[in-house]
Amino acid sequence: DVAAYRAKRLGRGRAEIFDDGLRAELSERAEMEIALRAGLEAGELHLNYQPVVNLTTGVLVGFEALARWNRPGVGPVRPDIFIAAAEASSFVCDLGRWVLHEATDRTARWRAAGQAGFVPGENEPTIAVNISGRHLADNRILDDVADALAASGLPPTLLVVEITETVLTDDPRAREHLRLLRERGVQVAIDDFGTGFTSISALSGTPADILKIDRSFIDSDDIGHHQLATLITRAAQTFQLRVIAEGIETQDQLARVRADGCEEAQGYLFSRPLTPEAAEILPRQLIPPRATGIPAQPGHPSRS
Ligand code: C2E
Ligand code: MG
Ligand code: MG
Ligand code: MG
């Protein structure tokens, strides 16, 4: 049967083309992972720090540490790209360990020196670190966090571990590790919430302190997305989670999340991720209390 034969050939041809594309992508990723491993050893990675602000008081309440890789001969590689390459193997645990040490060390230094919003007698800023699901499910996450806290001397209550919502459904060990981390005083934030199909009712049993509303709800023009953001904020508050709105760039977006009763926010409107040198000189009062005007850009513009 000629027709069937042709279809088969065509099918096989297609499969081969697909395989080639997949193979190229996989080897690109593997190549990047090797370069990233070497780059971490060689000190090519660094962290930037994006402020989180309380929308009522205007006070700097914390930072999120964001990894940067300036690859020699290539230039800056987007974090989602190199993080995905790292997640292909347990190397992502080594990377996570480095981020934990670097971020807690930097924050402990700021704290000791009274810099970066650390003012004696006032609430202290927290440091949030993104942890990949693979690392969270791995046994060594508990030691890695404990080691970073011990080495830096940072109180556990000032560390926030950020995980994406899919981690909660993927692996029971991840949940258990979160529970243990919280038992030791570390805070847990669910990152990019609303993108991962977690049902809102699942929040009731979730070992977390903070919920971060994904930027896609903030920068959308779709009224449906705005209503979802409102619902997510209400649900989070019902489960006694603090809510952080991610990716605030405009006054309109700020007004909307404020109207939702969202207490904290992060975004270019307040500050881009900053180099440690720029973060170090931030004032504690990041914006005027209940400001309605555009806040001044704090610190220096950063490379990120
Ligand atoms: P994320 O954890 O959701 O981090 C927030 C991202 O939004 C950052 O992108 C930040 O620069 C960006 N952002 C903040 N405010 C605004 C805004 O107003 N407008 C826009 N357009 N973007 C804003 P970045 O640094 O490119 O990181 C992307 C993602 O890569 C992160 O998303 C996080 O999932 C991952 N990532 C970054 N650093 C690390 C790390 O050290 N470890 C792990 N596992 N993942 C990391
Ligand atoms: Mg994050
Ligand atoms: Mg996020
Ligand atoms: Mg994200």
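The values are calculated or read from the model by the stated rules, or taken from the named source; none is laboratory data. Given the structure is predicted, the values throughout are model-derived calculations rather than measurements. Cβ sites come from the backbone with ideal geometry, for glycine too, and all protein chains shown count toward neighbours.
Would you pick out the residues in region 148-177 that are closer than 14 Å to Leu211 by Cβ and within 15 Å of ligand 1 (Cβ to nearest atom)? Correct list: Val160, Val161, Glu162, Ile163, Thr164, Glu165, Val167. The single condition from (1) of a type outside the set (D, E, K, R); (2) away from ligand 4 (no atom under 16 Å from the Cβ); (3) at pLDDT below 90 that Thr157 fails is (3).
To keep it simple, each residue is scored yes or no on (1) closer than 30 Å to Asp260 by Cβ; (2) of a type in the set (Ser, Thr, Tyr); (3) more than 15 Å from the chain's Cα centre (by Cα); (4) within 16 Å of ligand 4 (Cβ to nearest atom).
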site: Thr57; (1), (2), (3), (4): yes, yes, yes, no
site: Leu66; (1), (2), (3), (4): yes, no, no, yes
site: Trp69; (1), (2), (3), (4): no, no, yes, no
site: Gly73; (1), (2), (3), (4): no, no, yes, no
site: Pro76; (1), (2), (3), (4): no, no, yes, no
site: Ile81; (1), (2), (3), (4): no, no, no, yes
site: Ala86; (1), (2), (3), (4): no, no, yes, yes
site: Phe91; (1), (2), (3), (4): no, no, yes, no
site: Leu100; (1), (2), (3), (4): no, no, no, no
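Of everything in region 262-277 that is more than 16 Å from ligand 2 (Cβ to nearest atom) and out of contact with any strand residue (DSSP E or B) (no Cβ under 8 Å at 6 or more places or on another chain), the residue that is farthest from Val53 (Cα to Cα) is Glu277. When Ile213, Ile244, Ile232 are checked against the criterion of being within 16 Å of ligand 3 (Cβ to nearest atom), within 21 Å of Ala202 (Cβ to Cβ), out of contact with any helix residue (DSSP H, G or I) (no Cβ under 8 Å at 6 or more places or on another chain) and not basic (Lys, Arg), a single residue qualifies: Ile244. When the criteria are applied in full, Gly58 fails the requirement of being more than 8 Å from ligand 1 (Cβ to nearest atom) and over 30 Å from Leu254 (Cβ atoms).
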